[in-house]
Structure formats: C-alpha cells, structure tokens
1. For the structure I just gave you, tell me whether Cys70 is at pLDDT below 95 and either surrounded by 13 or more Cβ atoms within 10 Å (Cβ to Cβ) or not small (Gly, Ala, Ser) (or both).
2. Which is at pLDDT 95 or above, out of contact with any helix residue (DSSP H, G or I) (no Cβ under 6 Å at 6 or more places or on another chain) and hydrophobic (A, V, I, L, M, F, W, C), of Ile42, Ile37, Ile49, Ile23?
3. Inspect all residues belonging to region 68-77 and state whether any of them is within 21 Å of Gly3 (Cα to Cα), in a helix (DSSP H, G or I) and small (Gly, Ala, Ser).
4. Is there any pair with a first residue in region 23-37 that is touching a residue at least 12 places away in the same chain (Cβ under 8 Å) and a second that is polar (S, T, N, Q) whose Cβ atoms are under 7 Å apart and which are 6 or more apart or on different chains, and what are they?
Amino acid sequence: MIGSLERLTELLLSGNQDEAWNIVWKKRQQGFDTFYIFQQFISGSMAQIGMMWEEDEISVADEHLATTTCDYVLSRYQLCIRQEVIKNEKKVCFCV
C-alpha cells in the first residue's frame, strides 16, 4: 500500500488539486496540527519532488506543476484555518 506522503507527491506531480487538498485536509481531520502538516507532510513531499528533479527523474515543467498545485493547497488550507478560527471565536458584549 502506498503511504500518504508518496500519494501526496504523486498528486502534486499530476496537478490534481482536489485530491491533493483532500489528503491534506484528511490529515487535519485526523488530528494532525498545522506544524506537522506543513513541516513533515507537505514539505516532505516537496523535498521528494526536489530530489526527483535533481536526479532528472522529472522535468522542470513537472516540478513547476507540483509547486503550483502545492501553492493552491496551501492557500486553501489557510482559508479553511481562518474560517475555523472565526467560527470558534467567542464574542463578548458588555455595557457600562
């Protein structure tokens, strides 16, 4: 069975924004924090892609597609996290 890091790498390389998003958001729903998702999961996948490019296993165009797809996933993640924060904020009203 393919690991989630390898799967994310495949999805980024194929430009599959929606499936890449789904696998990242699933990690969040499983309780992984933003630090883990960014540092271990997304950065790990992008490091693999960088190594593949360095070893001529993928083209510059492949690397650019993966980077653009990753950028989309990061932007969507940021939007969802902001919405969570706004949803969970408590409002305080008082009069003097």
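1. Numbers: at pLDDT below 95: no; either surrounded by 13 or more Cβ atoms within 10 Å (Cβ to Cβ) or not small (Gly, Ala, Ser) (or both): yes.
Against the criterion (at pLDDT below 95 and either surrounded by 13 or more Cβ atoms within 10 Å (Cβ to Cβ) or not small (Gly, Ala, Ser) (or both)), Cys70 does not qualify.
2. Values: Ile37 fails: out of contact with any helix residue (DSSP H, G or I) (no Cβ under 6 Å at 6 or more places or on another chain); Ile49 fails: out of contact with any helix residue (DSSP H, G or I) (no Cβ under 6 Å at 6 or more places or on another chain); Ile23 fails: out of contact with any helix residue (DSSP H, G or I) (no Cβ under 6 Å at 6 or more places or on another chain).
Residue meeting the stated conditions: Ile42.
3. Among the residues of region 68-77, not one is within 21 Å of Gly3 (Cα to Cα), in a helix (DSSP H, G or I) and small (Gly, Ala, Ser), which makes the answer no.
4. Here the result reads Ile23/Ser4, each pair linking region 23-37 to a residue that is polar (S, T, N, Q).
The values are calculated or read from the model by the stated rules, or taken from the named source; none is laboratory data. None of these values were measured; they are calculated from a predicted model. Every residue, glycine as well, gets a Cβ built from its backbone with ideal geometry; the counts of neighbours run over all protein chains shown.
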